[in-house]
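No lab work stands behind these numbers, since they all come straight from the coordinates. It should be emphasised that the depicted structure is a prediction, and the values quoted were computed from it without experimental measurement. Here the Cβ positions follow ideal geometry from the backbone for every residue, glycine too, while neighbour counts run over all protein chains shown.
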Amino acid sequence: MAKHEHQCDENCELHCEGLCCTKIESFGVKFGANVILEDVSMHIHCGELTAIIGPNGAGKSTLLRAMLGEIKHTGELLYENEAGAKFGTGGGGKPKSKPTPLIGYVPQHLNFDLSTPTSVLDLFLACRTRKPAWLVASRKVRVEATAILARVKAEHLIHRKLGTLSGGELQRVLLALALDPVPDLLLLDEPVSGIDQHGLELFYKTVSEIRKEYDLSIILISHDLALVSEYADRVILLNKSVIKNGSPKEVFGDSEAQRLFGVAWARGADGGAICGEAASATAEAGSAATVADGGAICGEAASTKEVD
């Protein structure tokens, strides 16, 4: 897959559409005496898919919740738009200046009663208005909801009951909701946890296409290392603080990443692959190795199967 070419430099001097860059500076989060995040700094460019990886308890989900203003934090969250205007939040998540960017968010799971008669269209209506769905389900709204779902290849699901959706289908519906309206920044918190291989690949492909179409800044928390290596422009290894920040090859080739995940970067026939150190065969140039824990093949969707 060709990597995204529209990337700002460190000073964000290239022309961007909407939000140009997101800067997290010296972020810190504590729960009592327990340090969750400490001195976390990163620069997210427009049009980039940035994947955050790390072990359990690394603070990945906490970072996103702090960015959303749900958790108090120290440090600053700064944004810069295409006009060079800067705005953001200080410690505690309080706005330092306006306007604040529009942030879309897709959680790991959506908890609801599987027997509910609520349809995908009902969910869209509930997110758009406080009125009962049956009062506002006009033809115009249906057409708009169908168009939004089409962005994520899910327009055929509009009349399906939520409880009948597969994990992958539900997450694409939630992704569509996060894109209504199209945000400045999209946060994805392990959105494909527990989804099958086909659903994984479809979700990543869809997110990549959306990033390019809307020049979106996207932050994705993921444990699907092979798909991260294929689709991400930048990878950040987080373990309470930033351990490594760079291209997928740079990060997966780092000794600390290999120690934490038990994986090693191996150059394969497809240009790059991830193989478990526990593999029964060693990955060599142009070869593949089977991971012992589940038969995953080097270069395919190996996953650490962890949850933050």
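Values computed for the structure shown
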item: Efficiency of FRET from Cβ geometry, Glu209 and Cys127, R₀ 22 Å, rounded to 0.05; result: 0.45
item: FRET E, pair Ala147, His198, Förster distance 25 Å, beta-carbon r, rounded to 0.05; result: 0.55
item: Rounded to the nearest 20 debye, dipole of region 113-180 from Cβ charges on Lys, Arg, Asp, Glu; result: 220
item: Other-chain or far-sequence residues with amide H under 5 Å of Ile71's (modelled H); result: Ala66
item: Ratio Rg/Rh, restricted to region 113-180 and using Cα atoms, in which Rh is the Kirkwood radius; result: 0.93
item: From phi via Karplus (6.51, -1.76, 1.60), per-residue ³J(HN,Hα) for region 166-174 in Hz, x at Gly/Pro; result: 6, x, x, 5, 4, 5, 5, 5, 5
item: Amide H contacts under 5 Å for Val242, placed H, 5+ residues apart; result: Ser41
item: Phi to ³J(HN,Hα) by Karplus 6.51 cos²θ - 1.76 cosθ + 1.60 over region 143-159, Hz, x for Gly, Pro; result: 5, 5, 5, 4, 5, 5, 5, 5, 4, 10, 6, 9, 5, 6, 8, 4, 9
item: Gained length - Thr164 relative to Gln258, 0.36 nm times residue gap less alpha-carbon distance; result: 29.9 nm
item: At R0 = 22 Å, FRET efficiency that the Cβ-Cβ distance of Lys249 and Glu25 yields, to 0.05; result: 0.25
